[in-house]
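The values are calculated or read from the model by the stated rules, or taken from the named source; none is laboratory data. Everything quoted here is computed from the prediction, not taken from an experiment. For neighbour counting, all protein chains shown are included, and Cβ atoms are generated from backbone atoms with ideal geometry for every residue, glycine included.
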Amino acid sequence: MKNTEKTVGIYTLGCRVNQYESDAISYEFFVRGWNVCDFFEKCSVYIINTCTVTAEADRKSRQLIRRAKTLNPDARVIVCGCYSQINPEEAAKYADFVCGTRNKSEVVNAAEMLLKEDLKEKISAPAPSSLPYEPLFAPQTDRTRAFVKIEDGCDGKCAYCLIRIARGNVVSRRYDSILPELEALYDAGYPEAVLTGIELSAYGRDTGDDLISLLLKTNDIKCPPRIRLSSLDPAFLTDEATKRLSEVKRLMPHFHLSVQSGSSAVLAAMRRKYNAEMLYKNVENCRKNIEGVRFSADIIAGFPGETEKDFLATHDFLDFANLVHAHIFPFSERQGTEAAEMKGRLDKKTKAARAASLARHQDEINEKDAKTLFGTTAEVLFETSDGGYATGHTKEFLSVKAKTDKALHGKIKNVILKSYKNGVFDAEISD
């Protein structure tokens with residue numbers, strides 16, 4: 001039976017930044033002698049790292065906070081992240097300690113004080129922009145792909161988004177902090193690192209550094225053989241930027257774009273930094289300058305005022321972009337944002353129908369694209385190996401599974417793509 005005195009379970013909702021921060025919290029618990037357990041085991045302390053990107057994320061955050069007490073009624077529950085930054089008083093109804101987004105390092109101290117019944121304040125969620133970048137360190141993870149947080153906050157003014165409020169202004173890590181972490185991941189044997197941030201394209205805006213210069217520095221250090229970037233603003237991918245990106249030796253030819261819509265009218269209403277013309281141009285910049293580049297994207301269906309013509313423009317963008325994956329979801333109103341008060345709001349049924357239509361069309365695009373790839377060779381990083389199959393992703397982030405009795409977790413192998421079903425290629429290992 002586990003020692004319940006210092007056992008902790010951590011559950012993470014939301015983005016890769018949250019995942020990195022949870023890894024850092026987990027590592028600090030480990031360093032201090034805690035037993036880090038599965039969240040759904042009986043623990044003395046539960047941590048819920050929350051998200052507030054949609055109303056559904058809020059609901060899941062509340063649900064998990066309440067669930068922790070059912071797992072162990074005597075446990076202490078700590079809540080951090082975007083939901084608790086926006087709604088600290090509400091989170092505190094169910095939790096023993098609440099902090100925000102830029103003071104997550106308080107979590108471990110709070111847990112130890114709660115066990116000693118010596119915690120003085122229940123809520124610590126200062127405005128994130130009042131705080132500097134919070135240094136966190138996550139040198140180990142149970143995932144094959146390691147996340148490295150390099151930036152926090154967002155200076156954007158998108159009409160639909162609460163994250164800029166929850167995360168505050170852009171703050172960045174310096175090169176001399178990031179590069180040693182990448183070297184440590186190399187030494188630990190990680191085959192891939194993903195640089196993450198809330199507004200990754202804005203990295204260095206506050207320090208005089210910049211994202212591409214950081215990436216170019218990885219050419220000259222020990223570094224995992226694969227580097228990826230989390231979500232990028234399409235406006236970032238100018239002709240000059242993509243030429244420089246092509247010089248980054250380990251950068252994988254796949255970008256996840258925060259597109260949202262293919263309509264200039266909707267993009268303007270959203271207060272995005274680009275229109276459809278720039279979106280198309282910058283995708284072409286990537287194709288011209290980066291060999292074999294592919295894309296995935298976030299798409300919002302049914303934004304207030306979206307007409308049938310606007311909807312079809314997004315439909316057309318899916319054809320043009322030939323995405324490997326699209327995260328398509330109906331517009332979710334967030335109280336406190338400009339979009340929540342806009343005229344022309346669409347009913348729930350219409351939003352859901354448009355999202356479903358786009359998802360079906362994306363499936364059709366993927367099926368058609370897959371047939372052109374049958375018989376070709378791809379390099380795959382296998383992330384799981386179980387039940388006679390190994391699964392992973394190509395450089396372009398195509399999902400692959402291959403039949404094998406070998407343990408291929410963390411291995412990079414060449415495969416031949418044979419067939420495709422439900423978003424995954426069936427492949428044969430060729431080396």
Could you grab me the full set of residues in the stretch 101-133 that are surrounded by 18 or more Cβ atoms within 10 Å (Cβ to Cβ), within 30 Å of residue 214 (Cα to Cα), of a type outside the set (S, T, N, Q) and touching a Lys or Arg at 6+ places or on another chain (Cβ under 9 Å)? 102, 128, 133
Verdict on residue 159 being out of contact with any strand residue (DSSP E or B) (no Cβ under 6 Å at 6 or more places or on another chain), modelled with pLDDT under 95 and small (Gly, Ala, Ser): no
Which numbered condition trips up residue 113, out of (1) in a loop (DSSP other than H, G, I, E, B); (2) free of Cβ contacts under 8 Å to residues at least 60 places away in the same chain; (3) in contact with a Leu (Cβ under 6 Å, 6 or more places away or on another chain)? (1)
Given the residues 372, 404, 391, 384, which is the only one that is surrounded by fewer than 12 Cβ atoms within 10 Å (Cβ to Cβ) and either within 20 Å of the chain's Cα centre (by Cα) or polar (S, T, N, Q) (or both)? 372
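Filter the stretch 340-388 for residues that are aliphatic (A, V, I, L, M) and part of a helix (DSSP H, G or I) and give the result. Steps first, please.
Restricting attention to the stretch 340-388, the residues satisfying the condition of being aliphatic (A, V, I, L, M) are 340, 342, 346, 352-353, 355-356, 358-359, 365, 370, 373, 378, 380-381.
Residues satisfying the conditions are 340, 352, 353, 355, 356, 358, 359, 365, 370.
Condition first: among the hydrophobic types (A, V, I, L, M, F, W, C), over 25 Å from residue 166 (Cβ atoms) and free of Cβ contacts under 8 Å to residues at least 60 places away in the same chain. Can you find one or more residues in the stretch 299-311 that meet it?
In the first step, residues of the stretch 299-311 are kept if they are among the hydrophobic types (A, V, I, L, M, F, W, C); the result is 299-301, 303, 311.
Checking the rest, the ones that are also over 25 Å from residue 166 (Cβ atoms) come to 311.
Among the residues that remain, those that are also free of Cβ contacts under 8 Å to residues at least 60 places away in the same chain are: 311.
Checked the stretch 299-311: at least one residue is among the hydrophobic types (A, V, I, L, M, F, W, C), over 25 Å from residue 166 (Cβ atoms) and free of Cβ contacts under 8 Å to residues at least 60 places away in the same chain.
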Being over 30 Å from residue 55 (Cβ atoms), buried (at least 18 other Cβ atoms within 10 Å of the Cβ) and in contact (Cβ under 8 Å) with a residue 24 or more places away in the chain narrows it down to one of 193, 202, 188, so name that one. 193
Among (1) at pLDDT below 95; (2) surrounded by fewer than 21 Cβ atoms within 10 Å (Cβ to Cβ); (3) of a type outside the set (Gly, Ala, Ser), residue 52 falls short only on (2)
Search result, residues across the stretch 178-211 that are under 22 Å from residue 253 (Cα atoms), more than 19 Å from the chain's Cα centre (by Cα) and of a type in the set (Asp, Glu): 183, 210
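Among the residues in the stretch 165-177, are any without any contact (Cβ under 8 Å) to a residue 24 or more places away in the chain, of a type outside the set (A, V, I, L, M) and under 24 Å from residue 209 (Cα atoms)? Give the derivation first.
Step one: of the stretch 165-177, the residues without any contact (Cβ under 8 Å) to a residue 24 or more places away in the chain are 176.
Checking which are of a type outside the set (A, V, I, L, M) leaves us with 176.
With under 24 Å from residue 209 (Cα atoms) added as a condition, the list becomes 176.
Within the stretch 165-177 (the criterion being without any contact (Cβ under 8 Å) to a residue 24 or more places away in the chain, of a type outside the set (A, V, I, L, M) and under 24 Å from residue 209 (Cα atoms)), the answer is yes, since at least one residue qualifies.
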